[in-house]
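One structure is given below, encoded as structure tokens.
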Amino acid sequence: MRKVLISIMLLTIICVRSIAGSDELMHQLNGVMQNAAKYEADKIKQIESYRAALQVSDQSPSTIFRHYEKLYEAFKVYNYDSAYTYAHRLIEIANSLNDVNYQASAKIRLSFILLSGGLFKETYDSLSTLQKHLVPDSLKGTYYSLWARYYYDLAGYVSDYNYSFKYDELGNTYIDSALHYFVPESFEYKYYAGLKALKTNKLDEGLIQLEQLLNWPELSKHQLAITASTLSTVYLQRADTAKAIELLVRASIADIQSTTKETVAIFHLAVLLYQTGDLRHASMCIEGAIANAKYYGARQRQLQVSTILPLIEGERIAAMEAQKAILIKYAVVVTILVLALIALSWIISRQIRKLKHAKSALSLANAAQKTAIEQLQESNRRLEELNDKLEEVNKIKEEYIGYFFNADSEFYSKLDKIKSTIEQKIKERRYEDITYYLNKIDTRKEKEELLLSFDRIFLKLFPNFVQEMNALLHPEEQIVLREGELLNTDLRIYALTRLGVTDPEKIAGILGYSVKTIYSYKSRIRNKSRIPVETFEDEVMKIKTI
């Protein structure tokens, strides 16, 4: 029976539970990322239609200018090199027309591209060439907002309070000028008003304005992405990481659907997911951020990505190494378990044969002693005691063997499920998902459940064990269980003793203590006994089953 208990413990420790399911928004983002090629195909088709319009002969310079504007708008957040090329063509046509309005419009577009590509000095030089009196009122809102973005981006790039604070102040000043020229009901006015509130630490005001704008039915996908990404910073400052992640997921989805490559939403999402320990989704997002930065050609974005990528990859490698070590340990445990099951089957068979022989011997002895009354009475008394012990052994055997085979069946079912899942993930080369299943293994919890199962089965066999143990102790020294406890460590040690496990090393191995600790527990209980110490364990062994 001692070996049965040890086998049950091994079985319970290696049982695992798998929890399926993931966040709905992250699932949606993954699906949109997989369909990115479809959105880009639609984008290319639209660009080709703009290029085809340029092939029409005998068009006026102003008409050609409008065609180039459409191509520039198609490329400005999609590909830096192409947008830069068309911005210069706009400048060439504007100069040939010698029209101030066209020249200002083309120059502002070139400045936007330079800033998006991370060329801060070139952006400053380009914007500085636009004298305020040369910019028409219809473009001043865009002009001033571009200056504001320049200083905000410069503040973020510098990341030094002494300079960033000054740049943010300049950005706020330019936003004030931009708001003077934007139409109050336009997206630009509402967005920059909310951004100004955020930049001036008026979080409540900025939150209200950006939340209202986010629910605006007329938002394009690109506008939704900008608004959601900006709003996420408000929630991040309020320490609401879950809401910030939700908004960045929405922004990333909108960026992919609008084929926007010049974006920070998916990068910031990767950083937050990494900080919250979601390495699988963080890796997915950082790969998307890398692809966007390289495709667009944004230098500052590539620099940002390079700071977080090694951290995420390092964590992933460490997780894979830990997973590999766990798999090796469990393979060893399973091998030992199989050998233990074979040995257990042989032991049970041997014990059954011994019991049969014992019963046969008792019958022969009883028949031989029928002639002597005293011998018959003695034989009957001994036979009754032996039968009591056999009955008790049978009860214990039935309870624990029944529990063993039930646990064994559950174990192989779960083990087969885990094996099938891991084999499938390996075939699909989705190694990171293996960690997801193995991280659900909680050996500490399984150990606690094992002990709780042991308590239940033992008390089913010996329902009065706690009361009879206390009857052996002085009243003031009796054991009082805490709420929810069936047995505590003191009682488990003597419960194992009652089952025949008397070796302190075996008891220590089963309960997870040192041998010295087991001796200490047993000595402490015996010292509380109201009967002689030397007879204490004999009295424990007399405690009856049901």
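The values are calculated or read from the model by the stated rules, or taken from the named source; none is laboratory data. Everything numeric in this text was worked out from a predicted model, so none of it was measured. Quick reminder, even Gly has a Cβ in these numbers, built from the backbone with ideal geometry, and neighbours come from all protein chains shown.
Observations on the model:
- Checklist (1) surrounded by fewer than 21 Cβ atoms within 10 Å (Cβ to Cβ); (2) modelled with pLDDT under 90; (3) under 30 Å from E122 (Cα atoms) applied to E169, failing item: (2)
- Taking segment 482-513 as the range and being under 19 Å from E448 (Cβ atoms) and either in contact with a Gly (Cβ under 9 Å, 6 or more places away or on another chain) or among the polar types (S, T, N, Q) (or both) as the test, the residues that pass are N488, T489.
Conditions (1) among the polar types (S, T, N, Q); (2) touching a residue at least 40 places away in the same chain (Cβ under 8 Å); (3) outside the structural domain of S116 (by TED's automatic domain parsing), marked per residue:
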position	(1), (2), (3)
D255	no, no, no
E262	no, yes, no
L269	no, no, no
Q275	yes, no, no
S283	yes, yes, no
G288	no, yes, no
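- Taken together, the residues in segment 487-503 that are part of a helix (DSSP H, G or I) and surrounded by 19 or more Cβ atoms within 10 Å (Cβ to Cβ) amount to 7.
- The single residue among A244, A239 that is assigned by TED's automatic domain parsing to the domain that holds Y192, in a helix (DSSP H, G or I), closer than 17 Å to L198 by Cα and not hydroxyl-bearing (S, T, Y) turns out to be A244.
- Positions within segment 170-223 being of a type in the set (D, E, K, R) and either outside the structural domain of R238 (by TED's automatic domain parsing) or more than 11 Å from A148 (Cβ to Cβ) (or both), in sequence order: E185, E188, K190, K202, D204, E205, E211, E218, K221
- Taking first residues from segment 443-466 that are of a type in the set (D, E) and partners that are surrounded by 14 or more Cβ atoms within 10 Å (Cβ to Cβ) and assigned to a helix (DSSP H, G or I), the Cβ contacts under 9 Å between residues at least 6 apart in sequence or on separate chains come to E446/T12; E446/I13; E449/T12; D455/L491; D455/R492; D455/A495.
- Residue pairs whose Cβ atoms lie under 9 Å apart, sitting 6 or more positions apart in sequence or on different chains, and linking a residue in segment 188-208 that is farther than 17 Å from T173 by Cα to a partner that is of a type in the set (F, W, Y) and surrounded by 15 or more Cβ atoms within 10 Å (Cβ to Cβ), are L207/Y235.
- Checked against (1) of a type in the set (D, E); (2) at pLDDT 90 or above; (3) farther than 18 Å from L272 by Cβ, E218 passes all but condition (2).
- Segment 172-224, subset among the β-branched types (V, I, T) and either in contact with a His (Cβ under 6 Å, 6 or more places away or on another chain) or part of a helix (DSSP H, G or I) (or both), residue surrounded by the most Cβ atoms within 10 Å (Cβ to Cβ): I175
- Filtered residue count, segment 274-295, keeping only those that are more than 18 Å from Q34 (Cβ to Cβ) and assigned to a helix (DSSP H, G or I): 5
So that you can scan it fast, the table gives a plain yes or no per residue for (1) farther than 22 Å from N292 by Cα; (2) surrounded by 16 or more Cβ atoms within 10 Å (Cβ to Cβ):
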| site | (1), (2) |
| --- | --- |
| N95 | yes, no |
| G118 | no, yes |
| S128 | yes, no |
| L139 | yes, yes |
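- Segment 51-69 - residue that is free of Cβ contacts under 8 Å to residues at least 12 places away in the same chain and among the aliphatic types (A, V, I, L, M) and, of those, nearest to T263 (Cα to Cα): A52
- Any hit, segment 178-201, residues being under 25 Å from Q103 (Cβ atoms) and β-branched (V, I, T): yes
- Number of the exception - T259 against (1) surrounded by 23 or more Cβ atoms within 10 Å (Cβ to Cβ); (2) at positive phi; (3) among the β-branched types (V, I, T): (1)
- Flag if K43 is free of Cβ contacts under 8 Å to residues at least 40 places away in the same chain and assigned to a helix (DSSP H, G or I): no
- Among the residues of segment 70-114, the one identified as aromatic (F, W, Y), touching a residue at least 60 places away in the same chain (Cβ under 8 Å) and either under 14 Å from T142 (Cβ atoms) or not in a helix (DSSP H, G or I) (or both) is Y78.
- Residue count for segment 225-256 under the criterion of being of a type in the set (S, T, Y) and either surrounded by fewer than 20 Cβ atoms within 10 Å (Cβ to Cβ) or over 17 Å from L25 (Cβ atoms) (or both): the result is 4.
- Out of L146, L127, one residue alone is more than 22 Å from T260 (Cβ to Cβ) and assigned to a helix (DSSP H, G or I). It is L127.
- Considering segment 454-486, the residues that are under 43 Å from the mean Cα position of the chain (by Cα) and assigned to a loop (DSSP other than H, G, I, E, B) include one that is surrounded by the fewest Cβ atoms within 10 Å (Cβ to Cβ), namely E483.
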